[in-house]
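Please read the structure below before turning to the comments.
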Amino acid sequence: MTRDEIFSKVQAVLVDALAVDEEDVTPTATLTGDLGAESIDFLDIVFKIEQAFGIKIAQGELFPDGSAQSSFVKDGKVLPEGIARLRERLPHVDFSTFEKDPSVTKVGSLFTVDSIVTFVERKLAGK
Amino acid sequence: MRWMWIDRVVELVPGQKLVAIKHVSLAEEHLHDHFPASATHPPLPIMPASLIIEGMAQTAGILVGHAENFAEKVVLAKVSKAELNTEARPGDTLRYTAIIEKFDPMGASTKGTVELLSPMPGVAAATIGSIDLMFSHLDQNMSGLEFPEHNFVFSESFRTLLRGSGIVMPANTSSHE
């Protein structure tokens, strides 16, 4: 499956799960900021991605679970060791912009449509 | 029995499917407000669609709760889809069938169909809609918020309903009511 084909399927999943228009689901759109996803939507997206691609996604594999938070935050910023831990757990996420301003409030902006596409691409490649 | 929008569970396949029924009765107060008479129209008592969705949420919620032996606080988190194409009136019976589509430690998604059973002779049951829902296991929420220890979701009202339907809830899920 090509990256474009994966994107089309991910786009369809997000249109269905978040009740948004197809043209709004661009590669750089953020799930919470641009597409209005709330916490339960992340579970919905995991379920629908599993179904669309016939894959199994473990808890915390696509999006971080509660245990990814906590002690790696100081003064509202995610500490470098926290970013390192997140990067290790979430290799499909691009942290380059986040690293410049690692505010906790910006964590949501890490999860873009592209990050899901990359996740599925890696998963299908058996990584 | 406050806020119970199903009357009895009639079928349970643990972890898979639950069927419940709701009798719509003119004795229910809300039907007198939905809709009352106006200057131009006589009263029109019909079951509000929002309460049909609540009936499905209770049907599917019990199914999801039962799957983990009522250890989880199962809350309705999202109405993914709700379509109803016929009104339910006093004397009608609604039959809710919920199936678990996906289930994991954080929550579950369910698919449901709503059927209308008319009391009139010779009228077959008809599917009048579908309602798909998402449930969250409250203690597994992503933000790490803590909630009271006792299971306030499956309250005494639920216990009574389940007991009347021949389904046994474990004693350790008491609701402190």
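From the C-alpha coordinates alone, can you work out the Kirkwood hydrodynamic radius of the protein assembly as shown, in Å? Walk me through the intermediate numbers first.
Values: mean 1/r = 0.0462 Å⁻¹.
Radius from the Kirkwood sum: 21.7 Å.
Could you check how much of the accessible area of the range A:3-124 is carbon and sulfur, as a whole percent, using a 1.4 Å probe?
On the way: 3030 of 6120 Å².
Ligands and nucleic acids excluded, carbon and sulfur give 50 percent.
Which FRET efficiency value, to the nearest 0.05, do you get for A:SER109 and B:LYS81 by plugging their Cβ-Cβ distance into 1/(1 + (r/R0)^6) with R0 = 25 Å? Don't skip to the answer; put the middle values down first.
Details: r = 29 Å, r/R0 = 1.15.
With R0 = 25 Å, the Cβ-Cβ based efficiency is 0.30.
Along Cα→Cβ, 7 Å out, is where each label goes; now give me the distance between the ones at B:GLU68 and B:LYS17 in nm to one decimal.
2.5 nm
Please go through the residue pairs A:LYS48/B:LYS78; B:LYS78/B:LYS111; A:LYS106/B:LYS73 and name each one whose alpha carbons sit more than 20 Å apart in this structure.
Details: A:LYS48/B:LYS78 14 Å; B:LYS78/B:LYS111 12 Å; A:LYS106/B:LYS73 30 Å.
From the list (A:LYS48/B:LYS78; B:LYS78/B:LYS111; A:LYS106/B:LYS73), the Cα-Cα distance tops 20 Å for A:LYS106/B:LYS73.
Just how large is the dipole of the protein assembly as shown about the Cα centre, in debye to the nearest 20, putting +1 at every Lys and Arg Cβ and -1 at every Asp and Glu Cβ?
Values: 27 positive and 42 negative charges, 137 e Å.
It comes to approximately 660 debye.
What distance in nm lies between label points placed 7 Å from Cα along the C-beta direction at A:VAL15 and B:PHE35?
3.4 nm
Could I have the simple spin-label model distance between A:ARG87 and A:THR26, label points 7 Å from Cα toward Cβ, reported in nm to one decimal?
My value for the distance between the label points is 2.7 nm.
In chain A, what is the volume of the convex hull around the alpha carbon atoms, normalised per residue and reported in Å³?
On the way: hull volume 12.8 nm³, N = 127.
Spread over its residues, the Cα hull of chain A gives 101 Å³ apiece.
What number, in percent, do you get for the relative contact order of chain B if the mean sequence gap of Cα pairs under 8 Å and at least 6 apart is divided by its residue count? Kindly include the intermediate steps, with their values, before the conclusion.
Values: 370 pairs, mean separation 40.8, N = 177.
Contact order relative to length: 23 percent.
Please name which of A:LEU110, B:VAL13, B:LEU51 has its Cα lying farthest along the dipole of the protein assembly as shown towards the positive end, using unit charges on Cβ (Lys, Arg +1; Asp, Glu -1) and the Cα centre as origin.
Checked the options; the winner is B:VAL13.
What do the square roots of 5 times the Cα gyration tensor eigenvalues come to for chain B, in whole Å, largest first, as semi-axes of the equivalent ellipsoid?
Working from the Cα gyration tensor, I get semi-axes of 30, 17, 16 Å.
How many square angstrom of accessible surface are buried between B and A, both sides summed, with a 1.4 Å probe and rounding to 100?
Working: alone 9730 and 7270 Å², together 15680 Å².
Accessible area lost upon association: around 1300 Å².
Per-residue ellipticity at 222 nm for chain A, helices alone: DSSP H runs ≥ 4 residues times -39500 (n - 2.57), over residue total, nearest 500 deg cm²/dmol?
Values: 5 runs with 58 residues, N = 127.
The helix contribution divided over chain A gives -14000 deg cm²/dmol.
Rounded to the nearest 0.05, what FRET efficiency is calculated for A:LEU79 and A:SER39 with R0 set to 22 Å and r the Cβ-Cβ distance?
Efficiency for this residue pair is about 0.40.
So what is the accessible area of the protein assembly as shown per residue, in Å², with the probe set to 1.4 Å? Before the final figure, lay out each step's value.
On the way: 15680 Å² over 304 residues.
Spelled out: the 1.4 Å probe surface of the protein assembly as shown, per residue, equals 52 Å².
What does the net charge come to around A:GLU81 if you take all other residues with beta carbon closer than 14 Å to its beta carbon, with K and R at +1 and D and E at -1? Walk me through the numbers before you get to the answer.
On the way: positive: A:LYS74, A:LYS77, A:ARG85, A:ARG87, A:ARG89; negative: A:GLU88, A:GLU99.
Net charge around A:GLU81: +3.
So if R0 is 41 Å, what FRET efficiency would A:GLU5 and B:ALA124 give, r being the distance between their Cβ atoms, rounded to the nearest 0.05? Working shown, then result.
Numbers: r = 44 Å, r/R0 = 1.07.
Taking R0 as 41 Å, the efficiency between A:GLU5 and B:ALA124 is 0.40.
List the chymotrypsin sites (Phe, Trp or Tyr not before Pro) within the range A:47-102 that fall in a DSSP loop (any state other than H, G, I, E or B) and whose Cβ has at most 16 other Cβ atoms within 10 Å. It would help to have the intermediate numbers written out before the result.
Numbers: sites: A:PHE47, A:PHE53, A:PHE72, A:PHE95, A:PHE98; in loops: A:PHE72, A:PHE95.
For chymotrypsin sites (Phe, Trp or Tyr not before Pro) across the range A:47-102 that sit outside H, G, I, E and B with at most 16 neighbouring Cβ atoms in 10 Å, the list reads A:PHE95.
The values are calculated or read from the model by the stated rules, or taken from the named source; none is laboratory data. Values in this document were obtained by computation on a predicted structure and should not be read as measured data. Virtual Cβ from ideal backbone geometry, glycine too; neighbours counted across all protein chains shown. Just the protein is used for accessible areas: all its heavy atoms, side chains included, with ligands, DNA and RNA removed. Shrake-Rupley method; radii C 1.70, N 1.55, O 1.52, S 1.80 Å.
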